[in-house]
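Only one structure is covered here, and it is reproduced in the block below.
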Amino acid sequence: MKEEFTARMLRIHFGEDDRWQGKPMHEAIIAKCKELGIAEAIVFRGIEGYGSGTRIRRSSHWSFSKDAPIQLSIIDTEEQIAKLTPHLDAMIEEGLVATSTVEVIRYSRAAEKGSE
Amino acid sequence: MLQPGKAVKVTIYLSDGATHHGVPLYSSLLDFLFYRGVAGATVTKGIAGFGADHHMHAAHLVEISDKLPIKIEFIETREKVEAILGKLEELAGTGLIEMQETTVAKPAQVSKPKQPTIPAHLKIEGKAQMMRIYLSEEDRWKDKPLYRALVEAMRANDLAGVTVYRGILGYGAHRRMNKDNPLVSTHNRSIMLSAIDTAEKLRAFLPLVDQMVAEGLVVFSDVDIIKFAYRALDAEPSRAPASSESSGD
């Protein structure tokens, strides 16, 4: 099945060390997305970068510090994203959220639900 | 710079064991020629030979000989050769130096990137589209991972560039929660492909995506691109399919 629609994309940037109520921030945000039924959410770990704090984030093999830059990318319709943003406002203390309007094509195999 | 026409070919015959200030003589000589700006020089090692002393030098397994014959050759203009010959004779010591008239049919060309080193890159700005495809690492197309098949198909269709990202956590259209856990070997991680090209080229590629992607999400966004391309690199066959674009979105 192929559906086409206009959607919003959020890209949230923060550090891997950032936490929300004891949990890693990216896991907390993904859990919230799941709870709200957001269509697509994916977390990427960068190898080096810096953000609003201007301190270089880098994941190193030589130390246990894992403060790598994290980018979370979330895609859904305008309404769904509107449901999520108040939660993000509450959770993210330091970070950057970039939004853009995107055209989406979704391919799905409706019959095979719950396989895997 | 060597020009086509008359030149001199100089050959120096040495023994491998010869040293100069503690380094092999041939390497000293090569350095000398290099810093004197000689157009090019080649050192070859013989497998057997004899010299003025009439000792046979050969490579035997039983006695590892360090006295194999060495030959250094270079071609230069007569003026240049005469200017360095004195020092060369001194350096060569007991070795033989031979000179012969030769004709340069075609001089070697200095590889192009050397000349425009500083302002070499080209900045191209313009409107383009970014196509992101979200799928699972375990999705397959025929006998290979789907993301790899897509990259190959994109390259075959001359899309400007594509990069594959592996997510550390995520879920989507058909994927359950994919978590990158180092203790569990999972091949079910989230994958995102990001390709940038003009809207027309991406749309022209879409029928292939339709065929290849059974489940997944394709996302289009408008981007302003700033592309830095090395003019000199354009002449060389590009080896890497990796994208060189940086998107402004």
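Evaluate peptide A:41-49: per residue, the Cβ atoms of other protein chains within 10 Å of its Cβ; return the mean as an integer.
Mean partner-chain Cβ count within 10 Å for A:41-49: 5.
At a 10 Å Cβ-Cβ cut-off, how would you order A:96, B:159, fewest neighbours first?
A:96, B:159
How would A:26, A:13, B:54, B:20 line up from fewest to most surrounding beta-carbon atoms within 10 angstrom?
So the ranking, lowest neighbour count to highest, is B:54, B:20, A:13, A:26.
What average count of beta carbons from other chains do you get within 10 Å of the Cβ of residues in B:131-138?
3
For the pair residue B:44 and residue A:90, what calculated FRET efficiency results from E = 1/(1 + (r/R0)^6), where r is the Cβ-Cβ distance and R0 = 56 Å, to the nearest 0.05?
0.15
Report the extension gain between residue B:9 and residue B:56 in nm, rounded to one decimal, defined as 0.36 nm multiplied by the number of residues separating them, less their alpha carbon distance.
14.3 nm
Taking beta carbons within 10 Å but only from partner chains, what does the mean come to for residues B:208-221?
That average works out to 5.
So who's got an amide H within less than 5 Å of the one on residue B:167, skipping anything under 5 residues away but keeping other chains? H placed 1.01 Å off N, in plane.
HN-HN under 5 Å from residue B:167: B:190, B:191, B:192.
Values in this text are rule-based calculations from the coordinates and carry no lab data. Because the structure is predicted, anything quoted here is derived from the model rather than measured. When we count neighbours, we look across all protein chains shown, and the Cβ atoms used for this are built from the backbone with ideal geometry, even at glycine.
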